[in-house]
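Engineer: Okay, here's the structure, questions in a sec.
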Amino acid sequence: METTSAGGGPGIGGFLSKILGSGAKATIDSIGTAIDKIDKSDEKLELQLKYKQLLMEIEGSYLNYENKLLDSQTKIIDSEAKGESWLQRNWRPMLMVICMFIIFNNYVLVPYLHLPLTVLDERIWNLMELGVGGYVAGRSLEKISEKLGPVLVNSRKKR
């Protein structure tokens, strides 16, 4: 996704679409196109500079938001891991063990032993997909937050 030539180049359009939606991105892109059509070069350069600064501010705000979101998610996971209750610290792994048992039972144990298959409701499968996805995302976030956090902080300091 690219913005117009007055825009910030590749990548910025992706931020704009994600932050503001495709309609707002189209509007901002049309501003860049209008700037490109200005005949007076001094005026055009000044507007292009302001336009690029605005896009960079939007991108910076978005990165700041993502950093805060990552921090808050990390704090939640950390507080669960450091919780006083055994259940609070272990509910995610226990949920994964239960999900894995259900999958093992339905797709390995039951066919192998020629037992009648218990059909699970579709909502249970959806819940398991959500749980597994959330668990994997949470664990991944937990592992990368230690490495990504300092990088984001350092990039913010350089501005």
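Engineer: Tell me, yes or no, whether the range 53-73 has at least one residue that is in contact (Cβ under 8 Å) with a residue 12 or more places away in the chain, charged (D, E, K, R), within 17 Å of residue 136 (Cα to Cα) and not assigned by TED's automatic domain parsing to the domain that holds residue 28.
Structural biologist: no
Engineer: I would also like to ask the following. How many of the residues making up the range 144-159 are modelled with pLDDT of 70 or more and not in a helix (DSSP H, G or I)?
Structural biologist: Total satisfying the criteria: 0.
Engineer: Show me the helices (runs of 4 or more DSSP H) found entirely inside the range 19-110 where at least 2 residues are under 19 Å from residue 133 (Cα atoms).
Structural biologist: Correct list: 41-81, 86-104.
Engineer: When the residues of the range 111-143 are narrowed to those that are among the β-branched types (Val, Ile, Thr) and assigned to a helix (DSSP H, G or I), which ends up nearest to residue 73 (Cα to Cα)?
Structural biologist: Top of the filtered list is 136.
The values are calculated or read from the model by the stated rules, or taken from the named source; none is laboratory data. The structure presented is a predicted model; accordingly, all values stated were derived computationally and were not measured. For neighbour counting, all protein chains shown are included, and Cβ atoms are generated from backbone atoms with ideal geometry for every residue, glycine included.
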